[in-house]
1. If you check 27, 18, which single one turns out to be of a type in the set (A, V, I, L, M, F, W, C) and over 13 Å from the mean Cα position of the chain (by Cα)?
2. Give me the pairs, please: first residue somewhere in the stretch 3-31 and in a loop (DSSP other than H, G, I, E, B), second residue anywhere and surrounded by 11 or more Cβ atoms within 10 Å (Cβ to Cβ) and charged (D, E, K, R), beta-carbon distance under 7 Å, and either six or more positions apart or on two chains.
3. Given the residues 27, 18, which is the only one that is out of contact with any helix residue (DSSP H, G or I) (no Cβ under 6 Å at 6 or more places or on another chain) and surrounded by 10 or more Cβ atoms within 10 Å (Cβ to Cβ)?
Amino acid sequence: MKYKNKDDISLNYTGNDIHTKLLKEVIVEAIKLLESDRWSSYIKIQKAVAFLKENFNIGDKNEQ
């Protein structure tokens, strides 16, 4: 199921420009963290959340 926002707009990254490639790379790295066998589920989630927050410049809930 593709994500759609409240305006019914979904993501569509089918291009091959540098921004699309970079975004896909970040998402692939986050997936690798989540699928890793090296850590517990809790640690994997914490690492992936921290990675995504850092790369998308997202703060805590209170800062949004």
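Since every read-out is calculated from the coordinates, none of them should be taken as a lab result. Just so you know, these numbers come straight off a predicted model, no measurement behind them. All Cβ positions, glycine included, derive from the backbone under ideal geometry; neighbour counts span all protein chains shown.
1. 18
2. 13/24
3. Numbers: 18 fails: surrounded by 10 or more Cβ atoms within 10 Å (Cβ to Cβ).
Checking each option against the conditions leaves just 27.
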